[in-house]
1. Obtain the nm distance between the two label points defined at VAL106 and VAL192 by a simple spin-label model: each point lies 7 Å from its Cα along the Cα-to-C-beta direction.
2. Work out the FRET efficiency for LEU14 and THR142 from their Cβ-Cβ distance, taking R0 = 25 Å, and round it to the nearest 0.05.
3. Percent of Cα-Cα pairs more than 18 Å apart in region 256-359, please.
4. Tell me, what HN-Hα J-couplings in whole Hz come from the Karplus equation 6.51 cos²θ - 1.76 cosθ + 1.60 at θ = phi - 60° for each residue of region 12-21, using x for Gly and Pro?
Amino acid sequence: MRRPLLVDVLLAALFTGLTLATLYGWSAGPPSPALIVLAVLSVAPIALRQVAPVFTMAVIVAALGVAGLVGGEGFPSGGIGLLVAMFSVAMLRPRPVAAVLFGVTVALLMVTWVAQRNETAWPQVMQSGLVLVGAWALGEATRRWSRRAELAAASAARAVAEERVRIARELHDIVAHHMSVITLQSGLAEFVVDTDPPTAKAAMGTVSDAGRDAMLEMRRLLDVLRIDHDDDVDLRPQPGLDMLPDLVERMRDAGLTIDLTVDGARRPLPPGPDLCAYRIVQESLTNVLKHAGPDAKAWVALGYGEDTLTVRISDDGVGGSFTAGHGIRGMRERAALYGGVLSAGPGPAGFEVLLRLPA
């Protein structure tokens, strides 16, 4: 705020000097002290135009009116202070306030011209009014431009916030899924390491694969947050429904029985909805693995409609995989981000998650 105020003070000082120089050039003798004061008041208040624009314009209009009535021909500042004040009011104050001050100023111009010339000088009044309208329009346009800039900045801030939420949700999905697999498989390996070494070895292999996948996906997300990107950044594509069979196989290796079916002609989806569907299947199967019991069976059904993708994940677990925490809520928010709808609750056999996305 200090820098704009300093600029206004310097501008007011410059206009004041020019106005006084013009005033002294009107006649051979020195002007009256009253006229000097009025001339200064016709431009000096613009130093406060951003602090009190209405007060600034009121003082300038009053000074010009009195100076025009007692000072002879013309205005001492040429009306430059009035134009700056009109611009400031239009830019910083509501439109009705600017309209009232504009009307008062035009009325003052009319009275002043009539008093000076003893006749109605309509061309001069109209010309001055049109110039004043131009200052008003310029201030209004500047105010609209500032408003658009503020909205654009707010939109950019919202986009950054949404991106942070998306990254947080991605990290949640990655950690929840892979850590569940690692925990279950490491526990299985510990249980059978003495009695069934091949099973223990297979379980530890699954743990190794899950840990490696988690590291790669987390590295990809962290690379997005880095300011200085290295040349060796992992540029692998984000997962989508094409990678769903690999996810199903990993979950089967973790001990979950899964039946995957596809109804309709498969077709590629935009990256956002494709990732959304994959993550919701991943989160749902992770919940089944954690909550539905060791003997649960899960069904994943993809339905490609004409303009809708339907994803249904259900299980027959005795414990139920529903939770009111961040998991289900996060899936609903993710679906809503892409115009989809997600419902989760008791199903025909156990628990069911149903996702519908526009495709």
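Every number here is computed from the coordinates shown, using simple stated rules; none is lab data. These numbers come from a predicted model, not from an experiment. Here the Cβ is made from the backbone with ideal geometry for all residues, glycine too, and neighbour counts use every protein chain on show.
1. 9.1 nm
2. FRET efficiency, LEU14 to THR142: 0.75.
3. Tail of the P(r) past 18 Å holds 43 percent of the pairs.
4. 5, 5, 5, 5, 5, x, 5, 5, 5, 4
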